[in-house]
Amino acid sequence: MPPRWNENQLTAKLGIDYPIIQGPLGGLSSQKLTAAVSNFGGLGSFGAHGLAPEAIRDVIGEIRSLTSKPFAMNLWVSMEDESARTSDERAFNRSLAPLAVHLAALGTPRPIYKPYSQIRFEDQARVLLDAKVPVFSFIFGIPPKEVLDECRTNRIVTIGTATTPEEGAALQETGVDAIVASGFEAGGHRGSFLRAAEDSLTGTFSLAPQIVDRVNVPVIAAGGIADARGVVAALALGAEAVQIGTAFLACEESGAGVLHREALRGRKAGHTALTKGFTGRLARGIHNRLIETEILPYPLQRGLVRSLSIAAEAAGRSDLLPLWAGQSANLSTCTNVSAFLTSLVKEVSEIAGPVIQWSAARREKQILK
C-alpha cells in the first residue's frame with residue numbers, strides 16, 4: 001500500500017494523526033489554542049519562555065484539563081543577551097525617549113526603570129521534566145546534556161530548532177528526536193545559536209532539504225507555510241511535518257488581541273520586516289512605526305515595548321503594537337482552528353498522494369546510502 005501523507009516516523013513517535021504542528025507563538029500562546037490543535041490530531045504547542053516556573057506549571061495543568069492528546073511546551077535555551085545584566089538606567093531612558101511621545105498621547109505613565117531580574121532556563125526546564133510533558137521543543141540553542149538525558153529517561157520527545165544546516169547537524173549530535181528547519185520567512189524570532197541571527201537568514205524551501213540531507217532524524221519545515229500548497233511542498237522536500245505559526249495566530253483561539261488578528265487579515269499584513277525593535281532580538285512582524293526604536297538588549301526591550309502595547313491595545317492603536325507575522329500572513333484565513341484544519345487536511349489529501357510516494361522513496365534511498 002502506498003504511504004499516506006499523514007503517516008510517517010514522526011507522527012508515530014509523537015502519537016498524532018496529522019503532521020501539522022502549531023508554532024509555539026511565544027507570548028501569544030493560549031491553552032485553548034494548544035488544546036484545540038491537539039484535539040484535532042495535530043500537535044499543539046505553548047510558548048512558555050516568558051513565564052516563571054510556577055506559571056508554567058499552571059499552564060501545563062490547564063492544557064491537560066482541556067486535552068488528553070500529546071502537546072508540546074516550548075522554551076528558549078538562551079534567555080538573555082549578554083549585555084542585559086549590565087544595561088543601566090541611561091540606556092533605558094534612551095530607548096524610552098522615542099516611545100515617550102506615544103505613551104503621553106495614550107495617557108499612559110512613563111514606565112520606571114527596574115534592574116534586570118533573570119528567569120533561568122534550567123528552572124523552567126525542571127518544571128517540564130517533573131511534569132513529564134509529552135513534547136519539549138526549544139529554540140536559541142541546545143539544552144544541557146543532563147536535561148536531554150532526563151527527557152529520554154522520561155520518554156519526553158525533544159524537538160530542537162535550526163536556522164542553518166550547521167545548527168541542524170549540531171542538534172542531531174545531541175540526540176534530539178526531531179529538528180525544526182526554521183526559514184527566515186517565519187514570523188517571530190530567529191532562533192539562531194551558532195551564528196548571529198542576521199547571518200542565518202536562509203529561506204524555508206532552501207533550508208529544509210539541506211537539513212533533510214544532512215541528518216537522519218525527522219525534519220519539520222517552518223516558515224511561510226500557511227495553506228495546503230505549502231504543506232505539500234514541504235513534504236516533497238523531505239520534511240515529515242510542517243510547523244505553522246502565523247495562520248494559527250489569526251484564529252480566535254489564539255492569545256493575540258483583536259487588533260492583531262484583524263491586522264493579519266488586512267492588506268498591510270503582506271508588508272513584514274525583520275526588526276530588533278519589538279524585543280531586542282531579530283524577529284519578523286508587520287511593518288509599522290514601532291519597527292524603528294532605540295534598542296535595549298533582550299529581554300529588556302521586550303519589557304519596555306510591552307508597557308506601550310497594553311495602552312495601545314486599549315486605545316485601538318495597532319500601529320503601536322508588535323504585530324508578529326510571517327511573510328505568508330496574507331494567506332492567513334483561519335478564524336476557527338477546527339474549520340481551518342479540516343479544510344487544510346482535505347486539500348492536502350486531494351493533492352499529496354503522488355508527491356508523498358516520490359518523497360518517501362527518495363528518503364529511503366538516502367537512508368540506505
Q. Going highest first, how would you order 104-116, 65-77 by mean Cβ packing within 10 Å?
A. 65-77, 104-116
(Q) As I understand it, the value is the acute angle between the Cα axis of helix 204-214 and the longest principal axis of the Cα atoms of the chain; what does it come to in degrees, rounded to 10? (A) 50
Q. Peptides 123-133, 324-334: what's the order by average Cβ count within 10 Å, highest mean first?
A. 324-334, 123-133
Q.
With angles folded into 0 to 90 degrees, how steeply does helix 353-368 sit against the dominant principal axis of the chain? Use alpha carbons for both and round to 10.
A. 80
Q.
With unit charges on the beta carbons (Lys and Arg positive, Asp and Glu negative) and the dipole taken about the Cα centre of the chain, which residue among Leu320, Ser83, Phe138 sits farthest to the positive side?
A. Leu320
Q | Value of relative contact order over the chain, rounded to a whole percent, pairs C-alpha under 8 Å and six or more apart | A | 18
Q) Name the trypsin sites (Lys or Arg not before Pro) in the stretch 1-102 that are in a loop by DSSP and that have at most 14 other C-beta atoms within 10 Å, would you? A) Arg4
(Q) Per-residue counts of other Cβ atoms within 10 Å, averaged by peptide: what ranking do you get for 189-196, 175-182, highest first? (A) 175-182, 189-196
Q | Alpha-carbon radius of gyration plus Dmax, which is the widest Cα pair, for the stretch 113-239 in Å | A | 15.4, 51
Q. For the stretch 83-225, what is the relative contact order in percent, using Cα pairs closer than 8 Å and at least 6 residues apart in sequence?
A. 19
Q) How large, in percent, is the carbon and sulfur part of the accessible surface of the chain at a probe radius of 1.4 Å? A) 51
**Q.** Total charge dipole magnitude, the chain, about the Cα centre, Cβ charges on Lys, Arg, Asp, Glu only, Debye to nearest 20
**A.** 380
Q: Rounded to whole Hz and in sequence order, give me ³J(HN,Hα) for the stretch 110-123 from the Karplus expression 6.51 cos²θ - 1.76 cosθ + 1.60, θ = phi - 60°, writing x for Gly and Pro.
A: 5, x, 9, 4, 9, x, 5, 10, 7, 10, 8, 4, 4, 6
(Q) For the chain, take the longest principal axis of its alpha carbons; what is the angle in degrees between that and the long axis of helix 31-40, to the nearest 10 within 0 to 90? (A) 10
**Q.** Pairs beyond 21 Å (Cα-Cα), from Lys13/Lys69; Lys268/Lys346; Lys13/Lys132; Lys32/Lys69
**A.** Lys268/Lys346
Q: Just name one of Phe92, Met73, Pro109: the one whose Cα is farthest towards the positive end of the charge dipole of the stretch 55-123 (beta-carbon charges, Lys/Arg +1, Asp/Glu -1).
A: Pro109
(Q) Using the Cα centre of the stretch 229-274 as origin and beta-carbon charges of +1 (Lys, Arg) and -1 (Asp, Glu), tell me which of Leu264, Leu235, Ala250 is placed farthest towards the positive end of the dipole. (A) Leu264
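The values are calculated or read from the model by the stated rules, or taken from the named source; none is laboratory data. Values in this document were obtained by computation on a predicted structure and should not be read as measured data. Because the Cβ atoms are built from the backbone with ideal geometry, glycine has one as well, and the counts that use them run over all protein chains shown. Areas reflect the complete protein model, heavy atoms only, side chains present, ligands, DNA and RNA absent. Shrake-Rupley method; radii C 1.70, N 1.55, O 1.52, S 1.80 Å.
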